[in-house]
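**Student:** Let me begin by handing over the structure; questions about it come next.
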Amino acid sequence: MPTPTEQPSPTPAATAAAETPVIEFRDVEKRFGDNVVLKDLDFTVGRGERVTLIGPSGSGKTTILRLVMTLEELTGGYIFVDGEPLTHEERDGRRVPVSKKHQKNLRTRIGMVFQQFNLFPNMTVLENIVEAPIHVLGRSKQEAVAKAHDLLEQVGLSDKAHAHPTSLSGGQQQRVAIARALAMDPEILLLDEVTSALDPEVVGEVLNILRRVAETTDVTMLIVTHEMSFARDVSHKVMMFDGGHVVESGPPEKIFSEPDHDRTKAFLGAVLRDT
Ligand SMILES: Nc1ncnc2c1ncn2[C@@H]1O[C@H](COP(=O)(O)OP(=O)(O)OP(=O)(O)O)[C@@H](O)[C@H]1O
Ligand SMILES: [Mg+2]
């Protein structure tokens, strides 16, 4: 007879799945020539977790996002997505690249929104949004177009489906870029200073769209922003970077109000003074 305190134990596989981080950096090194930007970098992001990276200009925040997006070559260590190696794996004690097919497959789970929007200028808004779902995920045109219209409605741009990006304001272009990223149903959304290139009066509407995405989906987010109130609202965790390392990390209320490290205090002091 089991005692009343005994609980059914989860299967080992279920336990492992629950604990596998969505993103893991292990001993990551990134150098550009002789410039070592990231060194021995370790961190994990859990499923559905929203993590904001803060740190001085040049500390490597964009590089981290671009590595996850496979837009930069990893020069050392390993990155795992859902426990699977993204660029290299260890085989017989050697670090070897993963297959292009494997990487392409993992890459479909990751979406990124850039500071400079990066829309395809020769395509309409609708074409921008349906391109990858059709050509990368193999969705039918009908399904991709229906989803694109849904997303355009969510970002308040239903009337712009057939416009070209160049005819849109910066705020509108960024809302299209968000819709384009979400059209892939990403598990991971990477946001790199998505409001930095916008006029101040439209920053709020873009951030509100992202707040809504955070509230209504379980997408894992890795965010770089100077919008500290946004970071405080949406993040579960804030990581302070400097010199290629995580200086400290914790819940936003802790990092923003009572950071442990002088480096974080000085950085936040400067950022908050400028805003
Ligand atoms: N393509 C590149 N070639 C050479 N060096 C690069 C390249 N991209 C980034 N770097 C260098 O890597 C370092 C980190 O750059 P990164 O853009 O990641 O910083 P950041 O933290 O995003 O800064 P910011 O807050 O200004 O956006 C910098 O020293 C930068 O000069
Ligand atoms: Mg940057």
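Read-outs: derived from the displayed coordinates by stated rules, not from any lab. This is a predicted model, so every value here is computed, not measured. For neighbour counting, all protein chains shown are included, and Cβ atoms are generated from backbone atoms with ideal geometry for every residue, glycine included.
**Student:** Taking 0.36 nm per residue of separation and subtracting the Cα-Cα distance, what length does fully extending Val246 through His261 add?
**Tutor:** Taking 0.36 nm per residue and subtracting the Cα distance, the gain is 4.3 nm.
**Student:** Once you put a point 7 Å from the Cα of Leu71 and another 7 Å from the Cα of Asp199, both along the Cβ direction, what distance in nm separates them?
**Tutor:** Between Leu71 and Asp199, the label points sit 2.6 nm apart.
**Student:** Let me ask another. Can you give the net charge of the other residues whose Cβ lies under 13 Å from the Cβ of Val81, counting K and R as +1 and D and E as -1?
**Tutor:** Details: positive: Arg26, Arg47, Lys104, Arg107, Arg109; negative: Glu24, Asp82, Glu84, Glu89, Glu187.
Net local charge, Val81 excluded: 0.
**Student:** Grab the other residues whose beta carbon is less than 10 angstrom from that of Glu49, score K and R as +1, D and E as -1, and report the net.
**Tutor:** +2
**Student:** Further question: How long are the semi-axes of the equivalent ellipsoid of region 179-232, taking √(5λ) for every eigenvalue λ of the Cα gyration tensor, in whole Å from largest down?
**Tutor:** 19, 12, 11
**Student:** Fewest to most neighbouring Cβ within 10 Å: what's the order for Asp242, Asp262? Mind dumping the intermediate values first?
**Tutor:** Working: Asp242 19, Asp262 9.
By the 10 Å Cβ count, ascending: Asp262, Asp242.
**Student:** Of the cross-linked pairs Lys147/Lys237; Lys101/Lys160; Lys61/Lys147; Lys104/Lys265; Lys61/Lys104, which ones have a Cα-Cα span greater than 29 Å in the structure shown?
**Tutor:** Lys147/Lys237; Lys101/Lys160; Lys61/Lys147; Lys104/Lys265
**Student:** Take every DSSP beta bridge whose two residues both sit in the chain, then give the antiparallel share in percent to the nearest 5.
**Tutor:** 60
**Student:** Can you list the aspartates and glutamates whose alpha carbon is less than 15 Å from that of Lys100, not counting same-chain residues fewer than 8 positions off?
**Tutor:** The reachable aspartates and glutamates, counting only those whose Cα sits under 15 Å from Lys100, are Glu72, Glu73, Glu84, Glu89.
**Student:** How large is the Rg to Rh ratio of region 57-130 when both quantities use alpha carbon positions and Rh follows Kirkwood? Could you put the intermediate results ahead of the total?
**Tutor:** Working: Rg = 15.1 Å, Rh = 14.3 Å.
A ratio of 1.05.
**Student:** What is the dipole size for the chain, taken about its Cα centre, with +1 at each Lys and Arg Cβ and -1 at each Asp and Glu Cβ, in debye to the nearest 20? Present the calculation step by step, with values, prior to reporting the outcome.
**Tutor:** Values: 30 positive and 40 negative charges, 133 e Å.
Dipole about the Cα centre, nearest 20: 640 debye.
**Student:** Translational D (Stokes-Einstein, µm²/s) of region 124-275 at 25 °C and 0.890 mPa s when Rh comes from the Kirkwood sum over C-alpha pairs?
**Tutor:** 144
**Student:** Most mobile of Met69, Met240, Met228 per a Gaussian network model of the chain (Cα springs, under 10 Å)?
**Tutor:** Its mean-square fluctuation being the largest, the pick is Met228.
**Student:** So, one more: Can you give me the convex hull volume of the Cα atoms of the chain, divided per residue and expressed in Å³?
**Tutor:** Given the Cα convex hull of the chain, per-residue volume reads 188 Å³.
**Student:** Less than 15 Å Cβ to Cβ from Gln174, Lys/Arg counted +1 and Asp/Glu -1: what total charge do the surrounding residues give?
**Tutor:** With Lys, Arg at +1 and Asp, Glu at -1, the neighbours total -1.
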